[in-house]
Amino acid sequence: MESSLDLPLESPRDGESKQTWVYRQIQERILKGALASGVRLPSTRSLSQRWHVSRSTVEAAYDQLRGEGYTAGAVGSGTYVSAVIPDNFFHRGLPGAGGPDTRPARPAGASAAPPAPRLEPLFAARTADASLFPMATWRKGLMASAQRVTPGQLANEESQGWLPLREQIAHYLGAARGISCDADQVVILTGIRDGLDLSARILLTRQDKVLVEDPGYLNAMPLFSQFTPRVVPIAIDEHGFSVARARRQRGVKLVHVTPAHQSPTGVTMPVSRRLELLAWAEQADCWIIEDDYDSEFNYDSAPLAALKSLDTADRVIHCGSFNKTMFNALRIGYAVVPKRWVAAFARARHTTGRSNSMIEQMTLAGFLADGSFARHVRKARAVYAQRRDLVLRLLAQAAGGKALRTSGEHAGFHLLWWLPADVDAAALQDAARARGVALQPVSDYCRRVALPEGLVIGYSGLDEQELVRQGALLRDLLAGAPAPIRKD
């Protein structure tokens, strides 16, 4: 069931932003029971027209609701109320609210609204395949670390992370990503999102502006929106983040980019654009977060050195993650931080209570030092390349002889398939939902831009048998999807 949200709207409170107002209107309806668990919210486009606010404002509010657990939704299947509110909460009401509970009583024996159907995501496995990881080697390392660790090491955590691990990371980044740094600039994190969050905590005030890629990383806007309402999507071009468009903005404090493998289009930012971006950041006195989320996996040629390797003005915060190269549950990432911000990052890490297991840090340091990590990456890269090749063949079969247009297939865990012009993307989505599966349209990653129809195709976490099965599903969906209606 879809909610129309055609309910009386309260006027914005004094000083309340439009995003906060939209968020509050929906959150209060959920908490008051007017929107029950399982109810589908209107699309962002529909609600923006109905409530006379921009679509990006509604999207940001939806992101916040999803991040706080009020709503959920598989990509391409809509947004549903997920919060289940206990009955006794309704009798108490919202904090500061007066008056009795006016909800209509639920008839005896009536059940709550059914939860939204769980759809199987198709080609959504954009993660490391843990089955490829040398667990026996890692287990031996854990045992050795547990025997070697001292009570002092267990009791006294270093504010930036364990020094020998930071030294190994600095050495690795010099060899693999061309970054000249020392261990004092490295901060151990739980992952890249941790790096984005700490960067925002340290650098931003409510008045500062943040620029993000459009289309871009889904978690960037909700993360930064916690610290400032001025998060601005910047449309990418054929070379990635557009510096020309960024120059039109004033008061920019922070920029988030994915130069190695743009998320989600897969574009690699060329050196000329990287130099232009660094020069502008120095002129504008702003900082750059380089999200290097899957740079270890290039299949057709050696990757470009990191943006940070060109950063002579020390403006770039380089974030990477071993969760992406080894296994998700590891929860160890890192940032190479400009020297002036190292102490602030260490304090923020300590203040927020974020830390990593000493024994796992010791084990990872040994894994890097003895070459086990490099061997694992080489093995995984070869497997992922084979899976990439298989996916391209499966997509060619699904296209039925039509020209296959893709981007980003040279690297990473996913590629973008631009749909043939005679495929009705909306009908394809409907057909997928009817089959119990969810596709990942590139439009879900767009804030303001409108791109040609395309699907994000993840493959790294799926074995050959599963790829073939999902490819057959996709082929069946395309065979049954009607052509779009021409608008002459």
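Translational diffusion coefficient, Stokes-Einstein: compute it for the chain using the Kirkwood radius over C-alpha pairs as Rh, at 4 °C and 1.567 mPa s, and state it as an integer in µm² s⁻¹.
53
In Å², and per residue, what accessible area does the stretch 279-372 have when probed at 1.4 Å with the other protein chains present? Can you show the working numbers first?
Numbers: 3360 Å² over 94 residues.
Dividing the accessible area of the stretch 279-372 by its residue count gives 36 Å².
With the cut-off at 28 Å, tell me which of the pairs Lys18/Lys308; Lys209/Lys308; Lys253/Lys379; Lys379/Lys402 have Cα atoms farther apart than that.
Lys18/Lys308; Lys253/Lys379; Lys379/Lys402
Checking a compactness column here: for the stretch 233-310, what do you get for Rg(Cα) / (2.2 N^0.38 Å), N being the number of residues?
Taking the Cα Rg and dividing by 2.2 N^0.38 Å, one obtains 1.06.
Mind pulling up the Rg/Rh value for the stretch 141-299? Radius of gyration and Kirkwood radius, both on Cα.
In the stretch 141-299, Rg relative to Rh is 1.03.
Relative contact order (percent) for the stretch 403-488, with alpha-carbon contacts under 8 angstrom and 6 or more residues of separation? Before the final figure, lay out each step's value.
Numbers: 94 pairs, mean separation 30.0, N = 86.
With pairs under 8 Å counted, the relative contact order is 35 percent.
What is the percent carbon and sulfur in the accessible area of the stretch 238-362, measuring with a 1.4 Å probe over the protein chains and ignoring ligands?
About 50 percent, which is the carbon plus sulfur part of the accessible surface.
Using the Kyte-Doolittle scale, find the helices of the chain whose mean hydropathy is at least 0.5 and whose Cα atoms extend 15 Å or more along the helix's long axis, counting only whole DSSP H runs.
Long hydrophobic helices here: 358-369.
Could you check how much of the accessible area of the stretch 126-168 is carbon and sulfur, as a whole percent, using a 1.4 Å probe?
The nonpolar share, carbon plus sulfur, comes to 57 percent.
If each residue of separation counts as 0.36 nm, what is the full-extension length gain between Ser54 and Arg435 once their alpha-carbon separation is subtracted?
Extra length from Ser54 to Arg435 when fully extended: 133.9 nm.
Eigenvalues of the Cα gyration tensor times 5, then square-rooted: what semi-axes does that give for the stretch 312-443, in whole angstrom, largest first?
Result for the stretch 312-443: semi-axes of 39, 20, 16 Å.
So, R0 is 45 Å and r is the distance between the beta-carbons of Ala343 and Ala426; what FRET efficiency does that work out to, to 0.05?
0.30
In percent, how large is the relative contact order of the chain, given Cα pairs closer than 8 Å and 6 or more residues apart?
Contact order relative to length: 19 percent.
Going from most exposed to least, what order do Glu213, Glu409 have by accessible area with a 1.4 Å probe?
Glu409, Glu213
Using Cα pairs closer than 8 Å and at least 6 residues apart in sequence, work out the relative contact order for the stretch 107-263, in percent.
Computed value for the stretch 107-263: 16 percent relative contact order.
Provide Thr79, Thr137 ordered by accessible surface of protein heavy atoms (probe 1.4 Å), highest first.
Thr137, Thr79
Placing unit charges on C-beta atoms (Lys and Arg positive, Asp and Glu negative, everything else neutral), compute the dipole magnitude of the stretch 269-326 about its Cα centre in debye, rounded to 20.
That gives a dipole near 40 debye.
Any idea of Val53's accessible area? Nearest 10 Å², probe 1.4 Å.
Counting only protein heavy atoms, Val53 exposes about 20 Å² to solvent.
Can you work out D for the stretch 393-488 in µm² s⁻¹ from Stokes-Einstein, where Rh is the Kirkwood radius over C-alpha pairs, the temperature is 25 °C and the viscosity is 0.890 mPa s?
It comes out at roughly 174 µm²/s.
Write down the accessible area per residue of the stretch 190-277 in Å², having rolled a 1.4 Å probe over the full set of protein chains.
Value returned for the stretch 190-277: 34 Å² of accessible area per residue.
On average, how much accessible surface per residue is there in the stretch 386-444, in Å², for a 1.4 Å probe, leaving out ligands, DNA and RNA?
On the way: 2310 Å² over 59 residues.
Per-residue accessible area for the stretch 386-444 comes out at 39 Å².
Just want the answer: with Cβ charges of +1 for Lys and Arg and -1 for Asp and Glu, which residue in Leu368, Leu223, Ala279 is farthest toward the dipole's positive end in the chain?
Of Leu368, Leu223, Ala279, it is Leu223.
For the chain, with only Lys/Arg (+1) and Asp/Glu (-1) charged at the beta-carbon, what is the dipole magnitude about the Cα centre, in debye rounded to 20?
I would put it at about 420 debye.
Treat every Asp and Glu Cβ in the stretch 435-474 as -1 and every Lys and Arg Cβ as +1, leave all other atoms uncharged, and give the resulting dipole magnitude about the Cα centre to the nearest 20 debye.
That gives the stretch 435-474 a dipole magnitude of about 260 debye.
The values are calculated or read from the model by the stated rules, or taken from the named source; none is laboratory data. What you see is a predicted model, and the numbers here were worked out from it, not measured in a lab. Cβ atoms come from the backbone with ideal geometry, glycine included; neighbour counts cover every protein chain shown. Each accessible area value is taken on the protein alone, full model and side chains, heavy atoms only, with ligands, DNA and RNA left out. Shrake-Rupley method; radii C 1.70, N 1.55, O 1.52, S 1.80 Å.
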